[in-house]
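Any read-out appearing in this document is the output of simple, stated calculations on the displayed coordinates, not a laboratory observation. Everything numeric here is computed off the predicted structure, so don't read it as measured data. Cβ sites come from the backbone with ideal geometry, for glycine too, and all protein chains shown count toward neighbours.
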Amino acid sequence: MLRLAVFVSGRGSNLRSIQKAIRERRLTAEIVAVISNSDGAPALAFAESEGIPVFSLEGTPVQEHARAILDFTRANGADFIALAGYMKLIPAEVVAAFRHRMVNIHPALLPDFGGKGMYGRRVHEAVIASGAAVSGATVHLVDEEYDRGPIVLQRSVPVEEDDTPETLAARVLEVEHDIYPEALQLFAERRIDIIDNRIIIRS
Ligand code: GRF
């Protein structure tokens, strides 16, 4: 059983897919907190409508973000963090407090097409421009750098000849909604070992 804090910045479709998986008992977890960097994130409104405790960092000075995040996650008993479209770098103190207990989802096959500035439409533009035949989604552990932690789960989708960033993003988003709950369930079942910075999935 994971007690999840989900971090969001925008639309919140991954937050919804996680909540749905919990309802359908594909994921043994409870979302105990949702944190956003902006008050206006639709994801935050969804969380409120679900009765989940929410917190927005908007208006909190940046040097106080780590403390505010740790206070809110602790107050709600969160033991695992899932970043779901969260657009800010996580403060180092939070990474340290949740080491090996924090994951992110990225809309491409890391370690390619990731890193600072690689988010949203830009990712899919870069994939198409590269001529890659496949793209996909990656769930990875979070460390101090953007998109660099050990990979937990990946799933690929084809890149079609007539793809636009929007059509590719939509195809990738479908697999995101599958693999994020699946990856979280591996942690819930304690099937993840981390050896030499690599993930070993126990069967
Ligand atoms: C997803 O594409 C995710 O991979 C990326 O940000 C997007 C968030 O979408 N990190 P949503 O807010 O979950 O709908």
What percent does the relative contact order of region 129-180 come to when contacts are Cα pairs within less than 8 Å and at least six residues apart?
38 percent
Extreme residue, positive dipole direction of the chain, given options Asn37, Ala129, Asn76 (C-beta unit charges):
Asn76
Rounded to the nearest 500, the 222 nm mean residue ellipticity computed for the chain from DSSP H runs (n ≥ 4, each -39500 (n - 2.57)) alone is -10500 deg cm²/dmol
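For the chain, list the DSSP H helices whose alpha carbon atoms reach 20 Å or more along the long axis and whose average Kyte-Doolittle value is -1.0 or above?
Span-like helices, by this rule, are 165-188.
Would you kindly state how much longer the chain becomes between Ala75 and Ala97 on full extension, computed as 0.36 nm times their sequence separation minus their alpha carbon distance, in nm to one decimal?
6.5 nm
Can you sort Tyr146, Tyr180 so the residue with the fewest Cβ neighbours within 10 Å comes first?
Ordered from fewest to most neighbouring Cβ atoms within 10 Å, Tyr146, Tyr180 come out as Tyr146, Tyr180.
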Quick query: amide H of Leu153 versus all other amide H atoms, modeled in the peptide plane; which residues come in under 5 Å with a sequence gap of 5 or more or a different chain?
Val139
Amide hydrogen neighbours beyond the local backbone of Ala29, cut-off 5 Å, H modeled:
Leu2
Provide Glu161, Glu93, Glu166 in ascending order of the number of other Cβ atoms located within 10 Å of each residue's Cβ, fewest first.
Glu161, Glu166, Glu93
Could you sort 97-103, 11-17, 129-135, 80-86 so that the peptide with the highest average Cβ count within 10 Å comes first and the rest follow in order?
80-86, 11-17, 97-103, 129-135
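Please report, in cubic angstrom per residue, the volume enclosed by the convex hull of the alpha-carbon atoms of the chain.
Output value, Cα hull per residue: 118 Å³.
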Could you tell me whether region 25-126 comes out rounded, prolate or oblate from its Cα gyration tensor? Rule is a ≥ b ≥ c as square roots of the eigenvalues, rounded for a/c under 1.5, then prolate if a/b exceeds b/c, otherwise oblate.
rounded
Hydrodynamic radius by Kirkwood for region 106-203, inverse mean 1/r across distinct Cα pairs, in Å, is 14.0 Å
Under-5 Å amide H pairs with Ser56, H placed in peptide plane, nonlocal only
Ser36
When Ser9, Ser49 are ordered from fewest to most other Cβ atoms inside 10 Å of their Cβ, what list results?
Ser49, Ser9
